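Written out below as structure tokens is the structure these notes cover.
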């Protein structure tokens, strides 16, 4: 009987109180955007991910909230499209490979260029330092300094270290997103 009650309760939540939010995931190539999205949507981490050409989208269901995640390619030819896909979303997720120090200056420049767009004012930004499982990673504090996150204005900015491979801190990411679902 309890199982039937739960099914009816879940159906009522989805039907009458469900909310959907759009989130755009961006970052340089090989940062782990597609791997993160695969793990968040209930799949498994695979080491042989194919680089995203253009974009792909998956829905992540958490309780009565559906998070529609757009994963955009990080190669230089796709970066000019980022702003268009970030307009009007509930949150922007910028993913950085924290074990690849060579790309940090480029990531900083791309992030600040994007965040300077007036069309994106007010949209919350979540910066994720991915690959925290690797030995040559930088800390979250070093990432905040490297990307000069404290100078980004006109929005809430948060930063977490994660590992899509080890599923480290992913629940914190989902909880951060959920707080923006009903705003």
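Every read-out reported here was derived from the displayed coordinates using simple, explicitly stated rules and does not represent laboratory data. Predicted, not measured: the structure shown is a model, and the values here were computed from it. Ideal geometry is used to build each Cβ from the backbone, glycine not excepted, and the neighbour counts take in all protein chains shown.
Highest average first, the peptides 120-130, 88-98, 143-153, 162-172 ordered by how many other beta carbon atoms sit within 10 Å of their residues are 88-98, 120-130, 162-172, 143-153. DSSP finds beta bridges in segment 18-178, and of those with both partners inside it, around 30 percent are antiparallel. Normalised by the number of residues in segment 18-178, the average gap of Cα pairs under 8 Å and 6 or more apart makes the relative contact order 24 percent. Under the shape rule built on the C-alpha gyration tensor, where the axes satisfy a ≥ b ≥ c, segment 78-170 is prolate, since a/c reaches at least 1.5 and a/b is greater than b/c. Answer rounded, prolate or oblate for segment 18-178, using the Cα gyration tensor with square roots of eigenvalues a ≥ b ≥ c: rounded when a/c is under 1.5, else prolate when a/b is larger than b/c, else oblate. Rounded shape, in that the Cα axes give a/c under 1.5.
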